[in-house]
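Trainee: First, the structure itself, so that you have it in front of you.
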Amino acid sequence: MKKLMAANWKMYKLREEAGAVAADLAARLAGVLPEDREVLVIPPFTALEAVGQAIAGAPGLALGGQNFYPSAQGAFTGEIAPEMLLDAGCRYALAGHSERRHILGEDDAMVGRKVAFGLASGLSMILCVGEKVEERQGGQLESVLARQLTAGLAEVAADVSPAALAIAYEPVWAIGTGLTAGPEEVAGAHAVVRAFLVDRFGPTGSKIRILYGGSVKPGNAGQLLGIDNVDGVLVGGASLLAESFAAIVTA
Ligand code: PEP
């Protein structure tokens with residue numbers, strides 16, 4: 001299974017800069033991208049075309065969308081449909097990112113609808129889960145992950161292709177804060193996610209990638225990627241510069 005190295009650019013970068021950074025990233029990775037790594041760039045919607053053009057033809061690089069509404073089309077002002085992401089060249093999309101859960105108010109049921117609808121539309125889905133600091137301190141790590149995974153995967157077929165689904169474990173307290181979960185915390189949470197997936201999907205559950213996210217940097221990526229059940233990373237801040245994200249991808 002290839003490790004999935006994903007760059008979430010959130011609400012950063014206009015088209016010109018996005019295209020230039022993506023082209024720089026593709027150039028830095030040309031010929032040196034390890035065989036066992038797959039790279040995903042997830043820019044804002046307005047930069048999808050520019051980034052898609054910049055990485056077109058670059059082996060191992062793919063495009064993703066940060067969000068969509070779970071309907072084929074319709075009167076949903078301000079929203080975007082999965083088919084529009086596919087039309088813009090996306091293969092992947094995120095669902096359940098903590099910023100959407102906690103700033104935009106998306107609940108578990110909506111996240112589950114997005115995962116199911118995205119898969120049915122032909123996107124590969126990355127379901128993000130993770131606990132808040134007070135939940136971890138209150139001993140609720142396992143119950144929070146179980147709740148988010150149960151709802152997020154509620155309508156996913158038992159025979160889902162493992163290539164079409166990934167889970168990103170992102171402790172909320174480590175996103176954009178500079179705090180990284182320690183190796184034991186990461187190993188423990190990823191083991192909980194893996195056990196859930198095997199229970200839910202049988203042998204397929206051991207082939208579904210589990211990414212870690214939360215202040216991943218060039219200096220800690222190698223160690224994180226060496227932890228059991230860490231099958232890739234989802235990177236925010238440190239993915240905004242081609243140099244630092246290329247260093248993470250090749251760590
Ligand atoms: C993220 O956006 O998913 C993320 C983990 O951000 P950061 O790397 O900045 O913590």
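Trainee: Out of (1) surrounded by fewer than 20 Cβ atoms within 10 Å (Cβ to Cβ); (2) among the polar types (S, T, N, Q); (3) farther than 25 Å from Glu142 by Cα, the odd one out for Ser239 is which?
Mentor: (1)
Trainee: Let me ask you something else. Tally up the residues in the stretch 120-167 that are under 17 Å from Leu40 (Cα atoms), part of a helix (DSSP H, G or I) and touching a strand residue (DSSP E or B) at 6+ places or on another chain (Cβ under 6 Å), please. Give the derivation first.
Mentor: We begin by selecting, within the stretch 120-167, every residue under 17 Å from Leu40 (Cα atoms); these are 122-128, 162-167.
Restricting the remaining residues to those that are part of a helix (DSSP H, G or I) gives 162-164.
Still in the running and touching a strand residue (DSSP E or B) at 6+ places or on another chain (Cβ under 6 Å): 164.
Selection size over the stretch 120-167: 1.
Trainee: Yes or no: Ala20 away from the ligand (no atom under 16 Å from the Cβ), in a helix (DSSP H, G or I) and either touching a Leu at 6+ places or on another chain (Cβ under 9 Å) or more than 30 Å from Trp173 (Cα to Cα) (or both)?
Mentor: When the stated conditions are applied, Ala20 passes them.
Trainee: Give the stretch 39-55 a look and list any residue that's open to solvent by less than 30 Å² (accessible area, probe 1.4 Å) and either touching a Lys or Arg at 6+ places or on another chain (Cβ under 9 Å) or not in a helix (DSSP H, G or I) (or both), or say none.
Mentor: Those that are open to solvent by less than 30 Å² (accessible area, probe 1.4 Å) and either touching a Lys or Arg at 6+ places or on another chain (Cβ under 9 Å) or not in a helix (DSSP H, G or I) (or both): Val39, Leu40, Val41, Ile42, Pro43, Pro44, Ala47, Ala50, Val51.
Trainee: Same structure again: Do any residues in the stretch 201-213 that are assigned to a strand (DSSP E or B) have Cβ atoms under 8 Å from those of residues that are modelled with pLDDT under 95, where the two are at least six apart or on different chains, and which pairs are they?
Mentor: Listed pairs, sorted by first residue: Arg209/Met1; Tyr212/Ala181; Gly213/Ala174; Gly213/Ile175.
Trainee: Only residues that are closer than 12 Å to Tyr212 by Cβ and surrounded by fewer than 17 Cβ atoms within 10 Å (Cβ to Cβ): list them for the stretch 132-184, please.
Mentor: Step one: of the stretch 132-184, the residues closer than 12 Å to Tyr212 by Cβ are 166-171, 174-175, 180-183.
Listed by number, the residues that qualify are Gly182, Pro183.
Trainee: Which of the residues spanning the stretch 216-235 are out of contact with any Leu (no Cβ under 6 Å at 6 or more places or on another chain), open to solvent by less than 20 Å² (accessible area, probe 1.4 Å) and near the ligand (Cβ under 10 Å from one of its atoms)?
Mentor: Result: Val216, Val235.
Trainee: One residue is enough: does the stretch 81-91 have a residue meeting the conditions open to solvent by less than 60 Å² (accessible area, probe 1.4 Å), of a type in the set (Gly, Ala, Ser) and in a strand (DSSP E or B)?
Mentor: No, every residue in the stretch 81-91 fails to be open to solvent by less than 60 Å² (accessible area, probe 1.4 Å), of a type in the set (Gly, Ala, Ser) and in a strand (DSSP E or B).
Trainee: Just name the residue that is least open to solvent (accessible area, probe 1.4 Å) out of those in the stretch 186-200 that are free of Cβ contacts under 8 Å to residues at least 24 places away in the same chain and under 18 Å from Ser143 (Cβ atoms).
Mentor: Going through the stretch 186-200, the residues free of Cβ contacts under 8 Å to residues at least 24 places away in the same chain turn out to be 195, 198-199.
Cutting the leftovers down to under 18 Å from Ser143 (Cβ atoms) gives us 195, 199.
Working: Ala195: 61, Asp199: 133 Å².
Per the stated criteria, the residue is Ala195.
The values are calculated or read from the model by the stated rules, or taken from the named source; none is laboratory data. Source: prediction; values computed, not measured. FYI the Cβ positions are ideal-geometry reconstructions off the backbone, even for glycines, and counts take in every protein chain you see. We work out accessible area using only protein heavy atoms, side chains counted, and drop any ligands, DNA or RNA first. Shrake-Rupley method; radii C 1.70, N 1.55, O 1.52, S 1.80 Å.
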